Amino acid sequence: MSSKILEEANRIMTICNACRYCEGFCAVFPAMELRRIFTESDLKYMANLCHNCRGCYYACQYAPPHEFNLNVPRTLAQLRLHTYQEFAWPASFKGVFNKNGKVVAAITILCVLLLTLTSLARHGSSAFFASQAGPGSFYAIIPYPVLLVLFSAVGIFACVSLWKGMKNLWRATEGKAEMFRSPAYNLRAVWDVLRLRYLEGGGDGCNYPDDKFSMQRRSMHHFTFYGFLLCFASTVVALTYDHALGIAAPYAFFSLPVLLGTLGGVSLAIGTIGLYRLKKLMDKEPAYAEAFPMDISFIMLLCSVTISGLLLLVFRSTSIMGILLCIHLGLVMALFITMPYSKFVHGVYRYAALVRHAGEQIQANPVRKKP
């Protein structure tokens, strides 16, 4: 990592720590106030604690055009992107962050082609474009063993890579193991995540997409986050139906997996389209431009997954079910493969930073029992 990035982050945090006008704006500033000097590990920790709400930028008297030129959101976003590269596992894949948009597009196309060509080679074009209906019709397009092997492999790879990346971050920022294992610190971090506390601002929202206070970004994040969780729950229930109860997909519209997936898909579509719109409208000055391709490619891939899933639900009894199934599953596979090298990592790393933040704040401000 360039020492210039760390030097700039250190300069800004030192000035902010002397000023403290933004005290209480977000989690970064209470963490800053516990320190007098900022080590490299401190700065990387605080970069991942930043939620990019931008309140500090628009409130700062030393922001551009002032000669101090303080731009906290952009500097921490730049440092944050470098931590994604530094802590990526395996390390040889860290270059994916540099050309994220092109790499994600290439992997997505390859995944869709792999599934489509596998199906065509096994069943031929007549079966591929024939109308399929009833339990097990998806397996008539892509055989069950192929799905099981491919998605088990990419799922395990994504989980291991994300876990290793988070451990690298925790170790490099000198986090303590007992802090990460603490139920109290984890519960507070989970609560902060579930409500997106640090996108609330002082109650009026963050300064996004411009200098006005708005809850739009928080709302779109909530649509995306809870939509993703509902889709994940749908997948788990469907797996239970298939493997434990012996009921093969596709399922009836009013079945639990389909209801969860439909609600999650609609929520994800609203959230990702909303985030894309805000990203296009946002003030570019507090942003780090080199992160745009990664942000946009992740939003578009996630949106494509949910739109293709909803289309598959609507047309699953028609002759285009085969191609829609290959496109949807190809997009899902690409999402899992690129997860550890995409914007998705910000959720994992920020959670780790929030656990440490909860630990620091509870230790610094213990609740004293009345005598």
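Details
- Residue in region 3-12 that is open to solvent by 60 Å² or more (accessible area, probe 1.4 Å) and under 20 Å from N168 (Cα atoms) present: yes
- Residue check for D192: open to solvent by 50 Å² or more (accessible area, probe 1.4 Å) and either under 23 Å from Y84 (Cα atoms) or not in a helix (DSSP H, G or I) (or both): no
- Pairs linking a residue in region 184-199 that is without any contact (Cβ under 8 Å) to a residue 60 or more places away in the chain and within 17 Å of F223 (Cβ to Cβ) to a residue that is open to solvent by less than 60 Å² (accessible area, probe 1.4 Å) and assigned to a loop (DSSP other than H, G, I, E, B), with Cβ atoms under 6 Å and 6 or more positions apart or on different chains, do not occur.
- Filter pass, G175 being among the small types (G, A, S) and buried (at least 19 other Cβ atoms within 10 Å of the Cβ): yes
- For region 43-59, a residue qualifies if it is of a type in the set (A, V, I, L, M, F, W, C), over 17 Å from the mean Cα position of the chain (by Cα) and crowded, with 21+ Cβ neighbours inside 10 Å, and the qualifying residues are L43, M46, C56.
- Identity of the residue in region 85-102, within 17 Å of the chain's Cα centre (by Cα) and open to solvent by less than 50 Å² (accessible area, probe 1.4 Å), that ends up farthest from W170 (Cα to Cα): G101
- For region 67-84, taking the residues that are without any contact (Cβ under 8 Å) to a residue 60 or more places away in the chain and open to solvent by 30 Å² or more (accessible area, probe 1.4 Å), the one that is nearest to W163 (Cα to Cα) is identified as N69.
- Residues of region 117-131 satisfying the condition of being of a type outside the set (K, R) and open to solvent by 40 Å² or more (accessible area, probe 1.4 Å): L117, T118, L120, A121, H123, S125, S126, F129, S131
- Residue in region 232-239 that is assigned to a helix (DSSP H, G or I), out of contact with any strand residue (DSSP E or B) (no Cβ under 8 Å at 6 or more places or on another chain) and closer than 19 Å to H346 by Cα present: yes
The values are calculated or read from the model by the stated rules, or taken from the named source; none is laboratory data. Since we're looking at a predicted model, the values are computed, not measured. Neighbour counts are summed over all protein chains in view; Cβ atoms, including those assigned to glycine, are modelled from backbone coordinates with ideal geometry. The accessibility values were calculated without ligands, DNA or RNA, using every heavy atom of the protein model including side chains. Shrake-Rupley method; radii C 1.70, N 1.55, O 1.52, S 1.80 Å.
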